[in-house]
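Down below is the structure, laid out as structure tokens.
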Amino acid sequence: MNGITKVFTFVHILPWTVYAGIVFWDILVNGNSFIPNIYLAVLLSGLYVFYLHFFILTKYLNTKRYKDYFLRLVPILLTAPLPFFLFIDMDDDLYRREGMSMSFGVILGFTTLSFLLRVAQNLVINLIKKEQREKQAINAELAYLKTQINPHFLFNTLNTLY
């Protein structure tokens, strides 16, 4: 189970590292002043939506508390565009339209990604637990059969000596 935790930690860290690398590469190559603000807004909004949604999925949806899940999801979705309002010049009509459309795409995308990662993680964990239960059942059956064989061997040996 410890190895699975390490794998999923790597799955969480790798995409954010790749995204940061792409951002820094693009800033170095293009040097555009608008793009870093968009990148930062996407990063902050994405982190916010992804991990809060991941947390409430774990806490409420896995325990089948759907009402609590949706009551906590709505504020997350309503506050997620805030980085776009903070980092994008809202006086410019083009930036405002692009920023708002991008914020909705980011919210939808990262909500979907966190849901898919939670489902994948649950499937893997449940599969491993099932395999462990099957191994335990087989080991218990083997131990039971060994205990049945030992008295027979003893009695057969004593019978032969008699």
Seminar exercise, completed: Computed, not fitted: 222 nm per-residue ellipticity of the chain from DSSP H runs ≥ 4 (each -39500 (n - 2.57)), nearest 500, equal to -31000 deg cm²/dmol
Problem set entry | Cα→Cβ-extended label distance, 7 Å offset, between LEU123 and VAL29, nm | 3.3
For this session: Return the FRET efficiency for the residue pair GLN132, ASN62: r is the Cβ-Cβ distance, R0 is 22 Å, and the value is rounded to the nearest 0.05.
Result: 0.70
Exercise. Considering lysine pairs in the chain that are 8 or more places apart or on different chains, how many have Cα atoms under 21 Å apart?
Worked result: 8
Exercise. Magnitude of the Cβ-charge dipole of the chain, K/R +1 and D/E -1, about the Cα centre, nearest 20 debye?
Worked result: 1000
Exercise. Got a sec? Charge dipole of the chain, +1 on Cβ for Lys and Arg, -1 for Asp and Glu; which of PHE155, GLY21, TYR69 is way out at the positive end?
Worked result: PHE155
For this session: May I ask you to give the percent of accessible area on the chain that is carbon plus sulfur, with a probe radius of 1.4 Å?
Result: 70
Seminar exercise, completed: Surrounding charge for PHE55, neighbours by C-beta under 13 angstrom, Lys/Arg +1, Asp/Glu -1, total +2
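So how much slack lies between LEU77 and TYR144, counting 0.36 nm per residue of separation and subtracting their Cα-Cα distance, in nm?
Values: separation 67, 0.36 × 67 = 24.12 nm, distance 5.53 nm.
Gain on extension, LEU77 to TYR144, equals 18.6 nm.
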For this session: Can you sort ARG72, ARG118 by 1.4 Å-probe accessible area, starting with the largest?
Result: ARG72, ARG118
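Need one number: the % of Cα-Cα pairs in the chain sitting beyond the 20 Å mark.
Details: 8665 of 13041 pairs.
Percent of Cα pairs beyond 20 Å in the chain: 66.
The values are calculated or read from the model by the stated rules, or taken from the named source; none is laboratory data. The structure displayed is predicted, hence computed values, not measured ones. Note: ideal-geometry Cβ built from the backbone for every residue, glycine included; neighbour counts use all protein chains shown. For the accessible areas, the whole protein counts, side chains as well, though only heavy atoms, and no ligand, DNA or RNA atoms are used. Shrake-Rupley method; radii C 1.70, N 1.55, O 1.52, S 1.80 Å.
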